[in-house]
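The values are calculated or read from the model by the stated rules, or taken from the named source; none is laboratory data. These numbers were taken from a predicted model, which means no experiment stands behind them. Every residue, glycine as well, gets a Cβ built from its backbone with ideal geometry; the counts of neighbours run over all protein chains shown.
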Amino acid sequence: MIYKDLILNKKNWNRILTSVKKGKLSHALLFHGPPGSGKEGHAVELAAYLNCNDPLNEGACGNCSSCKKIRTFQHEDVHLIIPLPRGKNWNSDDPIDKLFRSKKILNEYLSLVNEKGENPYALLRMSNANTILINSVRNIKQEASLSSINNKWKIFLIFHAEKLCVPSPEAAHALLKILEEPPEKTIFIMVSSHPEAILDTIHSRCQKKFFPAISSSVIEEKLVQSGMDNIQAGIIAHISGGDMSLQSELVENSADILEKMYQFLNASFSSDPKNWEKCIDIVSRLKMSSPAKLEQLFKCIGLFIRDLLYYASTMNDADIVFKNQVGKISKIVDKHPDADWQQCLNQVELTQEYIKRNGYVPLVITNLIMDLQQSINGEFHEPFNLHEWSN
Ligand SMILES: [Zn+2]
C-alpha cells in the first residue's frame, strides 16, 4: 500500500479489487462521502494498484518504481486535477507553467502535493481556488489522447470534483464529452464531498462508492496508539465528528480551543462584563482569521453542554466526553437544579447560525451569554408575540 495511516474501508476496497481482478472496473468512478473519510487516499491507492509492477493480493506493493512515483505524484500516467486559482497567464510556452500561472502558485501546489504523499487525509486545497479550470480539462483531453509509453493505465484523479461546475458547468461539459468516448485503458476517479453539486449526466456515467465518516471510537483508538492520553483523545475524536483531516488539525489546536471554551463557560456563569468582552473578542478574531476554528470552538462548547445535559438526566459519568471535568460537571449540575441544558444547547447552535449569517458579533455573543445564564438559572422568559401588541 502507499499509505501506512489510511484507515481502509474494507468493504469498498475489496469490491474495487474484485472488479479490477475480474476486468470489470468502470472507466469512471465517483468516490463520495463526508470530508476526511479517506476517499482521496483510496483513490491514490487504486491508481497505485492499477499500475503497480508487483501488486500484492491486498493492494499496491508500495515499493516498486511505479508506486514510488505515485507517492510523489510524479507518475507520467497518473494525473491529478484539483481546483486552481484564476490569474494572469505566465509568460511561458510550457503547458504546466500556463496552467499554474505563477511560480508562487506552482510552489504552493508542490508543497501541498508533497504533504498529500505522506498523509492521505492532508487537505489539497489551494488558496483562492474555487474552480476546476477549463484548461485543466483541456489538458486531460490532450493527455488521454496520447497512449501510455509503458502500456500502463492512464489515470485521472479529479479531487473536489464538484468544482467542475463552479461558477459555470463549462469544465463539466468538456469532461462529459471525454467520459462519453473514453480512450482505452483510461480511468477517471472523481472524488467529492458534495456529489449533489455534480451534473446528473456525469453521475449517470460513474460507478459510485460511498465512504462514510470514520467512527469516533476508531479515531480515539488511533490517537491513543499514537501516544495521546485517553481523555484528550476522546475529546478530539468527538469534536472531529469522524473527519480525519480535522482530527490532525485538532491534535495541533486542541489546547488553544479548550482554553477558549473555558473562557466561554466562565462568562456563562459570571456577571463580570470583562469576561463577556473576552468572549466577544475571541469570536470576532476567529471569525476573521479562521472560521473553521470558530466552528470547532462552538462544537466544543456544545459537547461540554451535552455532557451537562447527559449528567443531569442520568447522574452517570460513563459516557461523558470531558472525563477530566467530571467533578466540575457534577458540581455545576448540583448547583443548578432548574437548568434547562437542552435549551442551552439550542442557544449555542442558533448563535453559530447567526454568526454564519454575518450577525453583529458583540450583539450575538452578548445575547448568547444572557440567554445561557437565564437557561442555567431556570429563568425562562416568554418570547414577545407581535400579535398581542396589535390591540
Ligand atoms: Zn508497486
Among (1) touching a residue at least 24 places away in the same chain (Cβ under 8 Å); (2) under 26 Å from the mean Cα position of the chain (by Cα); (3) assigned to a loop (DSSP other than H, G, I, E, B) - the single one Pro182 does not satisfy: (2)
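Could you please let me know if Leu294 is in contact (Cβ under 8 Å) with a residue 60 or more places away in the chain and either of a type in the set (A, V, I, L, M, F, W, C) or touching a strand residue (DSSP E or B) at 6+ places or on another chain (Cβ under 7 Å) (or both)?
Values: in contact (Cβ under 8 Å) with a residue 60 or more places away in the chain: yes; either of a type in the set (A, V, I, L, M, F, W, C) or touching a strand residue (DSSP E or B) at 6+ places or on another chain (Cβ under 7 Å) (or both): yes.
The answer is yes for Leu294.
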I want to confirm something. Restricting to segment 156-173 and keeping residues that are in contact (Cβ under 8 Å) with a residue 60 or more places away in the chain and not in a loop (DSSP other than H, G, I, E, B), which single residue is nearest to Asn139 (Cα to Cα)? Phe156
Go through Ser271, Ser240 for me and flag whichever is modelled with pLDDT under 90 and either closer than 26 Å to Gln343 by Cα or small (Gly, Ala, Ser) (or both). Ser271
Taking the conditions exactly as written (within 16 Å of the ligand (Cβ to nearest atom), touching a residue at least 60 places away in the same chain (Cβ under 8 Å) and of a type outside the set (Lys, Arg)), does Tyr3 satisfy them or not? yes
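Please determine, by comparing only the residues of segment 195-241 that are in a loop (DSSP other than H, G, I, E, B), in contact with a helix residue (DSSP H, G or I) (Cβ under 6 Å, 6 or more places away or on another chain) and in contact (Cβ under 8 Å) with a residue 40 or more places away in the chain, which one is surrounded by the fewest Cβ atoms within 10 Å (Cβ to Cβ). Walk me through it before giving the result.
Within segment 195-241, the subset in a loop (DSSP other than H, G, I, E, B) is 198-199, 204-206, 211-215, 226-229, 241.
Remaining after also requiring in contact with a helix residue (DSSP H, G or I) (Cβ under 6 Å, 6 or more places away or on another chain): 198-199, 205, 211, 214.
Next cut, in contact (Cβ under 8 Å) with a residue 40 or more places away in the chain only: 198, 205, 211, 214.
Working: Ile198: 21, Arg205: 19, Phe211: 21, Ile214: 23.
Going through the qualifying residues, I end up with Arg205.
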Gln247 meets each of (1) surrounded by fewer than 15 Cβ atoms within 10 Å (Cβ to Cβ); (2) in contact (Cβ under 8 Å) with a residue 40 or more places away in the chain with one exception, condition (1)
Within segment 66-75, track down each residue that is in contact with a helix residue (DSSP H, G or I) (Cβ under 6 Å, 6 or more places away or on another chain) and within 13 Å of the ligand (Cβ to nearest atom). Ser66, Cys67, Ile70, Arg71, His75
Residue check: is Leu176 over 28 Å from Lys68 (Cα atoms) and in a helix (DSSP H, G or I)? yes
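Each row is one residue, and each column tells you yes or no for (1) touching a residue at least 24 places away in the same chain (Cβ under 8 Å); (2) farther than 30 Å from Pro35 by Cα; (3) of a type in the set (S, T, N, Q).
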position	(1), (2), (3)
Ala255	no, no, no
Gln263	no, no, yes
Ala267	yes, yes, no
Asp272	no, yes, no
Cys279	yes, no, no
Met288	no, no, no
Phe322	yes, no, no
Ile332	yes, yes, no
Lys335	no, yes, no
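Conditions tested, residue by residue: (1) within 14 Å of the ligand (Cβ to nearest atom); (2) surrounded by 13 or more Cβ atoms within 10 Å (Cβ to Cβ); (3) on the phi > 0 side of the Ramachandran plot.
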{"site": "Trp13", "(1), (2), (3)": "no, yes, no"}
{"site": "Lys21", "(1), (2), (3)": "no, no, no"}
{"site": "Leu46", "(1), (2), (3)": "yes, yes, no"}
{"site": "Asp54", "(1), (2), (3)": "yes, no, no"}
{"site": "Cys64", "(1), (2), (3)": "yes, yes, no"}
{"site": "Asp77", "(1), (2), (3)": "yes, yes, no"}
{"site": "Lys103", "(1), (2), (3)": "no, no, no"}
Condition (residue is in a loop (DSSP other than H, G, I, E, B), charged (D, E, K, R), surrounded by fewer than 20 Cβ atoms within 10 Å (Cβ to Cβ) and under 24 Å from the mean Cα position of the chain (by Cα)) applied to segment 264-277: is it met by at least one residue? no
